[in-house]
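Participant: Have a look at this one.
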Amino acid sequence: FGHPLRACLHYPPAPMGPERAADPKKLKPAESFTSASTEFHARILTCTFIGQSVWCGEEDGTVAIRDLNTGREGKRLLKRPGAVVTEITQVGAEVWIAYSDGVLRVYSLQTMLMTKEFQQHHSAVLCMDTHEGTVFTGGADGMLYRWNPKTCEFLHEYKGHTGGVRCLMFAQVSKRDQNYGYTYMMSGSDDTTVRVWLVNEDPEDRDNGLCTQILYGHAKPVTAMCVLDDHLWSGDAGGTIKAWDLCTYKCLNTMNQHHSPLVSLIATEDNCVWSAARDGCILLWNGTSQAMIRCIASMAAELNVFRPLAITHQYQFWSCLTNGVVTSYKSQVAGSMFYAPRNLHKTSEPFAAYMEQLNATIARQKRELDEMQHKCDEMKTKLWLATMNDADDYDDDGGDP
């Protein structure tokens, strides 16, 4: 696979077949929808938006802290010999960094110095996320761990997967579900399954960590997931995307527009889902109908990372290619905005401000439309009166009415 970590992080493109949909690379990207504002070179394997900077795990094993808008490097953390960075996550005033040898490091955001180093996974940590003040990690050893960020001790282990765990996602249990009040954690694995776990703040709860469902249907390792309302979207190394009902656990739809491993699935506040594949194809989907809306980009090189980075009046994201080209995009369309999956159930202040401004704009446009309609009605009335007067004059002259 080229890079030493590629074998445990990525898969080669799925073979073409008659059952596959049309090649998305033949679709014309919507150039008016997004625009590339910045481009620079850096071989990035993973990145995370923290503060006003982007922490980037690069192929040489170091972590570069770069400016969000320009990509200019401000600081570089020392690398761990013989390992590369696989995941980076902010945990309060600290940053957790995971490595390909299973080691976890904790850095202080204030001093940029390492404060802790520890290990529980026997091989690469492939995914990491936070929920309710605790940290969750999934590894190539098939294990899932829940960590106390203060003591860096694991609180619970989740066993069941027979392959590496590549992606994690959290969702509040629906009111339609018998487990309402809990949180679901979904884990996608190399064993081609998605497992659904119950997560509770109380570690003594006997149901905490219980696997309630195993979702079967993917033929390749599950590499990406996102949650939109009560639906789970999962993508695999063959390019297939499936949408699941989190109450009935039934597969609602199967989408085959991609032809290579899914790198990322991202749900947005405007009821859309973005999918990015290894071959550089980025598609936009309707979250309700699961229909493809358009092809956003089709890139010339393979894609390592596709991440949302900033929530402003224009959202911004980075695409990081294997040839070292990193492109920063900004939206040109109001109403489409990325948000970080870990903030799925939290209110974003920037987004709230944006929605307030958007609602004010809609109200103003409605008033203008009402005024235009009123003027149009007045003109119709005047035209009707003028027509009636002309008819009366014609009748007075002896003509037919």
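Participant: Take the conditions charged (D, E, K, R) and part of a strand (DSSP E or B) and apply them to LYS75. Does it pass?
Facilitator: Answer is yes for this residue.
Participant: I need the full set of residues from region 241-278 which are of a type in the set (Val, Ile, Thr) and surrounded by fewer than 23 Cβ atoms within 10 Å (Cβ to Cβ), in order please.
Facilitator: Within region 241-278, THR248, THR254, ILE266, THR268 qualify.
Participant: Next question, about the same structure. Select from region 88-112 the residues that are aliphatic (A, V, I, L, M), surrounded by 21 or more Cβ atoms within 10 Å (Cβ to Cβ) and touching a Leu at 6+ places or on another chain (Cβ under 8 Å) and write down the one among them that is farthest from GLU58 (Cα to Cα).
Facilitator: The qualifying residue farthest from GLU58 (Cα to Cα) is VAL95.
Participant: Could you check how many residues of region 111-163 are more than 29 Å from TYR216 (Cβ to Cβ) and among the polar types (S, T, N, Q)?
Facilitator: Here the count works out to 5.
Participant: When the residues of region 300-312 are filtered to those that are under 26 Å from THR89 (Cβ atoms) and open to solvent by 20 Å² or more (accessible area, probe 1.4 Å), which remaining residue is modelled with the lowest pLDDT?
Facilitator: Ranking the qualifying residues of region 300-312, first place goes to THR312.
Participant: Among the numbered criteria (1) more than 22 Å from the chain's Cα centre (by Cα); (2) surrounded by fewer than 22 Cβ atoms within 10 Å (Cβ to Cβ), which single criterion is violated by THR183?
Facilitator: (1)
Participant: Would you confirm whether any residue within region 195-206 is assigned to a loop (DSSP other than H, G, I, E, B), closer than 13 Å to THR162 by Cβ and modelled with pLDDT of 90 or more?
Facilitator: Within region 195-206, none of the residues are assigned to a loop (DSSP other than H, G, I, E, B), closer than 13 Å to THR162 by Cβ and modelled with pLDDT of 90 or more.
Participant: Restricted to region 113-138, and to residues that are among the hydroxyl-bearing types (Ser, Thr, Tyr) and either open to solvent by less than 10 Å² (accessible area, probe 1.4 Å) or touching a Phe, Trp or Tyr at 6+ places or on another chain (Cβ under 9 Å) (or both), which residue is farthest from GLY164 (Cα to Cα)?
Facilitator: Among those residues, the one meeting the criterion is THR115.
The values are calculated or read from the model by the stated rules, or taken from the named source; none is laboratory data. On a predicted model such as this, the values are computed, not experimentally measured, just so you know. Virtual Cβ from ideal backbone geometry, glycine too; neighbours counted across all protein chains shown. Please note that ligands, DNA and RNA were not included when accessible areas were found on the heavy atoms of the full protein model with its side chains. Shrake-Rupley method; radii C 1.70, N 1.55, O 1.52, S 1.80 Å.
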